[in-house]
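Derivation of every value follows stated rules applied to the coordinates shown; laboratory data play no part. Fair warning: this is a prediction, and the values are worked out from it, not measured in the lab. No Cβ is skipped: glycine too gets one built from the backbone with ideal geometry, and neighbour counts run over all protein chains shown.
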Amino acid sequence: MPARRATRLTPAAGAEKTSRARSASGRQEWNQVMPKLKTHRGAAKRFKKTATGKFVRNSAFKRHLASSKTTKRKRQLGKASVASPADAATLERMLPYK
């Protein structure tokens, strides 16, 4: 008779992950593990967090049609600026590990 191959069981989609640990009494107990949070990759490329917890972004409107903009305006658009405090909560959710 041919040997049976072991099949790998994977949890169903949406199933919560658990881990097994031994308690002080020696019994095995199952602990719920918090799910990992995914970073929004688009936001990760556009925003950085400062040491004080604010989010810094680059300015828009500098990529093309620069001939109609003044030198001063183009120079100022090159600098990073702090994102609006109204967007801070949204950015916190998008970038949980930054």
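Mind checking which lysines have their Cα closer than 24 Å to the Cα of Lys72? Skip sequence neighbours fewer than 8 apart in that chain.
Lys62
Considering only DSSP states other than H, G, I, E and B, which chymotrypsin sites (Phe, Trp or Tyr not before Pro) in segment 30-98 qualify as loop sites with at most 16 other Cβ atoms within 10 Å?
Qualifying residues, ordered by number: Phe61, Tyr97.
Taking a 24 Å limit on the Cα-Cα distance, which of the listed pairs Lys48/Lys79; Lys36/Lys79; Lys38/Lys79; Lys48/Lys74 fall beyond it?
Too far apart for the 24 Å limit: Lys36/Lys79; Lys38/Lys79.
Can you sort Arg93, Arg73 so the residue with the fewest Cβ neighbours within 10 Å comes first?
In order of increasing Cβ crowding within 10 Å: Arg93, Arg73.
Let me spell out the model: positive unit charges on the Cβ of Lys and Arg, negative unit charges on the Cβ of Asp and Glu, origin at the Cα centre of segment 38-94. What dipole size does that give, in debye rounded to 20?
320
Quick one: length gained pulling Ser25 to Lys79 fully straight, 0.36 nm per residue minus the C-alpha distance?
That pair, Ser25 and Lys79, stretches by 13.4 nm at full extension.
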